[in-house]
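Taking it in order: structure first as structure tokens, then the write-up.
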Amino acid sequence: MDNGKKLWVYPDLEMPPKGDFPLIGHESVIILNMNDAPANIRMTLYFDNKEPVRDIPLVVEANRVRCLRTYNPDDFGGFEIPGETQYALRIESDVPVVCQYGRLDTRQQNMAFYTVMGYSC
């Protein structure tokens, strides 16, 4: 059974501002591990104006899902992803996983929610 892929890439990420509404603007990355073993993850962040931030470690336990909030440095090895900055994300796992990205933009009352599966191979 194919339980995902070991490499996922998201080339178009940009955390929106929090906005002035009760539901704050944010991004999230969801990693689903449907295997009987933990998924040892390494993430790399790419920017247009500086060197990549490489080898951010993360574990997703066996048969679990983990939600990473990009505004929470604890979810990215202590690295603070700057808001309103274009960047890309590479997720590598030692076991197949399924990854999804979501963005909630609340800059206006008619907020926009965007989700996408990454490029995987």
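The values are calculated or read from the model by the stated rules, or taken from the named source; none is laboratory data. Since the structure is predicted, the reported quantities are computational estimates derived from the model, not experimental observations. Here the Cβ positions follow ideal geometry from the backbone for every residue, glycine too, while neighbour counts run over all protein chains shown. SASA here: full protein model, heavy atoms, side chains in, ligands and nucleic acids out. Shrake-Rupley method; radii C 1.70, N 1.55, O 1.52, S 1.80 Å.
The figures follow:
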| item | result |
| --- | --- |
| Meets criteria (open to solvent by 60 Å² or more (accessible area, probe 1.4 Å) and small (G, A, S)) for G77 | yes |
| Filtered residues of region 41-59 (kept if in contact with a strand residue (DSSP E or B) (Cβ under 9 Å, 6 or more places away or on another chain) and modelled with pLDDT under 95) | D48 |
| Any chance L89 is among the aliphatic types (A, V, I, L, M) and either out of contact with any Ser or Thr (no Cβ under 8 Å at 6 or more places or on another chain) or at pLDDT below 95 (or both) | no |
| Residue check for N35: part of a strand (DSSP E or B), among the polar types (S, T, N, Q) and at pLDDT 95 or above | no |
| Residue check, A88 within 14 Å of V9 (Cβ to Cβ) and surrounded by 12 or more Cβ atoms within 10 Å (Cβ to Cβ) | yes |
| Inter-residue pairs, beta-carbon under 8 Å, first on the phi > 0 side of the Ramachandran plot and in region 60-86, second of a type in the set (D, E, K, R) and not in a strand (DSSP E or B), 6+ apart | N63/D36; E84/E14 |
| Identity of the residue in region 49-68, among the hydrophobic types (A, V, I, L, M, F, W, C) and assigned to a strand (DSSP E or B), that ends up most open to solvent (accessible area, probe 1.4 Å) | V65 |
| Number of the condition not met by F21 [criteria: (1) at pLDDT below 95; (2) open to solvent by 80 Å² or more (accessible area, probe 1.4 Å)] | (2) |
| Conditions (1) open to solvent by 80 Å² or more (accessible area, probe 1.4 Å); (2) part of a strand (DSSP E or B); number of the one not met by Y71 | (2) |
